[in-house]
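Encoded as structure tokens, the structure appears first; notes follow it.
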Amino acid sequence: MELWYTDKHTKDVHFTMKVENQIASVESEYQRIDILETVEFGKVLVLDGELMISQKDEFIYHEMITHVPMAVHPNVKNVLVIGAGDGGTIRELTKYDTIENIDMVEIDKMVVRMCREYFQETACKLDDPRVNMYFEEGLRFVRMKKDEYDLIIVDCADPYGPAEGFFTREFYGNCFKALHDDGILINQHESPYYSEHSRTVQKAHQHIQLVFPYSTVYQCHIPSYPSGHWLFGFASKKYDPIKDLREDYWNSLNMKTRYYNTDLHKGSFYLPTYVKELLEIGKNNE
Amino acid sequence: MEKRKLTQQDTPIHRALEEQRLNRLAHFDVPGHKGGRGNKELKEFLGADCVKLDMNSMKPLDNLCHPVSVIKDAQQLAAEAFGADEAFFIVNGTTAAVQAMIMTATVAGDKIIMPRNVHRSAINALVVNGAMPVYVNPGVNKKLGIPLGMSVADVKQAIQENPDAKAILVNNPTYYGICSDIKEIVRIAHEHGMLVLADEAHGTHFYFSDKLPVSAMEAGADMAAVSMHKTGGSLTQSSILLTRKTVNADYVRQIINLTQTTSGSYLLLSSLDIARKNMSLNGKFYSDRMIELATYAREEINKLGGYYAFGDELIDKDMVYDFDRTKLSIHTRDIGLAGIEVYDLLRDDYGIQIEFGDIGNILAIISGGDRNLEIERLISALSEIKRLHEREKAGMFDHEYINPKVVMGPHKAFFSKKFSVPIEESSGMICSEFVMCYPPGIPILAPGEMITTEIIHYIQYAKEKGCLVTGTQDMKIENINVVDTNVTVMPN
């Protein structure tokens, strides 16, 4: 007998992986949570049928969502992470001794519980003393904050479910308010490739642009995600992601990474023409 | 075969439609799209299932004008669910239900007592049937600039001054959620032989919760127009008219048939049927949820500062006898923005569509269909609007309610010989048409009323602030038709 798990990348494009066994399956207050052992991708975390992370390529996502801003901002002490229940983003952030506090706001306690039990690879640093976990609505949490954070990372699911609110202009505006004068906002920005998603990507970028003085996107390649081509948003009040990159400093940290390096950092902001056109990058930022 | 007794679990119209769909009839009747085959684009747009259900009256589906089977059954179940003696399904909007109430209770020349902040549909009914309005000043909350309810004392006075009035119309509640003491008004009205008609366009949910103001039927009113499509979950334009034994139901049906379509949409009718079942079985749950969401939103919005989301504290047992806590009305003037400006910002910048914005307030409708996410989005967007757009509140309009001077009946004024003048030159003339600020659809001027400078200023300001001003023949609302008092052609 063969078991296969299909992630619907679009309604017409499916991505299917062979499953060795189902490790866990629970229904939380918010969603169905599955953890599967797959042949090629190792363990995968699936929320409401949608693939969130795979053991094999999660490092790409988590390194790119954290080290890019950390190599730019010279003084990150207080970080807000929204979502991130699997713990991967926290794992990367805790590599920096200079960070003093990490507030993590995840709506679904059960995701954290499941990852602590079955996804130690990512959840391993959730007990770091600098991490404060809040299980509540991220929109509400950030609304209450003013001039508190150096860095906000939005590590959420696709905007077609509970995470919809994290792709809105009001949310980005609330993040702006919650950041210090030199703060940076990083958000997972979906894939621009399939037409079903490209408008969402475009809209989200337009919203961020209306809120932050500097905003652009950068890219990476995540094999298990739709089209494999993934974007992150880089929005900032002060720092430029390339001009303000502290290359020597970051390399002097001798941090062990498997995807991120400072050459790739610069390269990741050079985008394909169709993406530049979609987001009108280069047009508005000149 | 003996007929099974129907319960609130049943949906007779819905079931009959399902049966007809399965019967796969060959249709040589209207509608001519024949299940969408004759209009492919429409079929693709609305969905094949939906278009196939768009059928016409036939024996198994009953007839809205003369209900004897499934529509009759469905109406009886609705009457039972709402605690009425009879229920009539309406497919021309609650406007038609309000007009049916007024035309049942009055004929030409009869007086009807009503608060000025009635919906335009009520005054339209007077234009049609020639009855005369006796307006009760609903009072205004000066800080918020919103019209309130009728005080019992004012109703008593109106009755004493007009003992020949046939009926009293009560908003239960107003658009803003404000209720008059309808129980007491019913008592006094019945003492004086007058009927009580309730416009419950915004009160459908009252029938399904004991935590909300009293419903008209429970208060003993004789007729009530219930906008099932607003907070009851049926399709837009579908509505229910409820009556008690104190009015002749067969006469009511005749009145409805004067103006209602003879091709009642089964999509609308079945939506009423299903919505009635849903509210009857789950209405308490929905109402609790609506109260919970609105209460949470009020607390959070009031914490933002500048905004005032008003609630229970308005209750004074007089002009605000009770308040519908599911309504989320927010006063915006203290951040220096007119309600209509916040309304536009919410939609244009944040993709949030709310019910209306007037000069000083916005109103968000909360229903059983709402989720936490959207509530959080609304609060966050209001927080952003304040951060980005707050300004001094100087130069804002100071009041919303203007007492009308009725100098001629609405019917007479509307059908009189008239001429058109620029609005700013119309002071001192008798208006022969409506001027409304929409939403909320409360007349600034109605036919037969004296135009004053104060009213002209109000219209200009409302236009400046982007309210949708409507009602005049002139689509640009620059000119107004006034009664030519030199001509003595009087229609009644």
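Annotations for the structure displayed:
- Scoring A:84-92, B:15-23 by mean Cβ neighbours within 10 Å over their residues and listing the highest first yields A:84-92, B:15-23.
- Computed label-point distance, nm, for sites B:Arg15 and A:Glu117 using a 7 Å Cα→Cβ extension: 4.5
- Cross-link pairs beyond the 24 Å C-alpha cut-off, checked among B:Lys303/B:Lys327; B:Lys143/B:Lys284; B:Lys166/B:Lys284; B:Lys211/B:Lys327; A:Lys56/A:Lys276: B:Lys143/B:Lys284; B:Lys166/B:Lys284; A:Lys56/A:Lys276
- When the listed pairs B:Lys5/B:Lys245; A:Lys109/B:Lys230; B:Lys3/B:Lys245; A:Lys146/B:Lys393; B:Lys405/B:Lys463; B:Lys111/B:Lys142 are checked against a 27 Å cut-off, the alpha-carbon distance exceeds it for A:Lys109/B:Lys230; B:Lys111/B:Lys142.
- Charge context of B:Ser420, other residues only, Cβ under 14 angstrom, K/R +1, D/E -1: -3
- Ignoring aspartates and glutamates fewer than eight residues from B:Lys465 along the same chain, the ones with Cα atoms less than 15 angstrom from its Cα are B:Glu341, B:Asp344, B:Asp358, B:Asp398, B:Glu400.
- With both labels modelled 7 Å from their Cα along Cα-to-Cβ, the B:Gln460 to B:Lys211 distance reads 4.8 nm.
- Nonlocal amide H pairs with A:Leu151, under 5 Å, H built at 1.01 Å: A:Asn78, A:Leu80, A:Ile184
- Candidate aspartates and glutamates for bridging to B:Lys72, where Cα separation is under 18 Å - those fewer than 8 sequence places away on the same chain excluded: B:Glu2, B:Asp10, B:Glu18, B:Glu19, B:Asp62, B:Glu80, B:Asp85, B:Glu86, B:Asp250, B:Asp273
- Ranked by how many other Cβ atoms sit within 10 Å of their own Cβ, fewest first, the residues B:Glu191, B:Glu449, B:Glu433 fall in the order B:Glu191, B:Glu433, B:Glu449.
- Note on B:Val407 and B:Glu292: with the Förster distance fixed at 35 Å, the Cβ-Cβ geometry gives a FRET efficiency of about 0.10.
- Per residue, the protein assembly as shown reaches -10500 deg cm²/dmol at 222 nm when only DSSP H runs of four or more residues are counted, each adding -39500 (n - 2.57).
- Taking 12 Å as the cut-off, the amide N atoms of the stretch B:299-315 that come nearer than this to a point 7 Å along the Cα-to-beta-carbon line of A:Lys146 belong to B:304-306.
- If the segment from B:His190 to B:Ser263 were pulled out straight at 0.36 nm per residue, it would be longer than the present Cα-Cα gap by 22.6 nm.
Values in this text are rule-based calculations from the coordinates and carry no lab data. As the structure is a prediction and not an experimental result, all values here were calculated from the model. Every residue, glycine among them, receives a Cβ derived from its backbone with ideal geometry; neighbour counts consider all protein chains shown.
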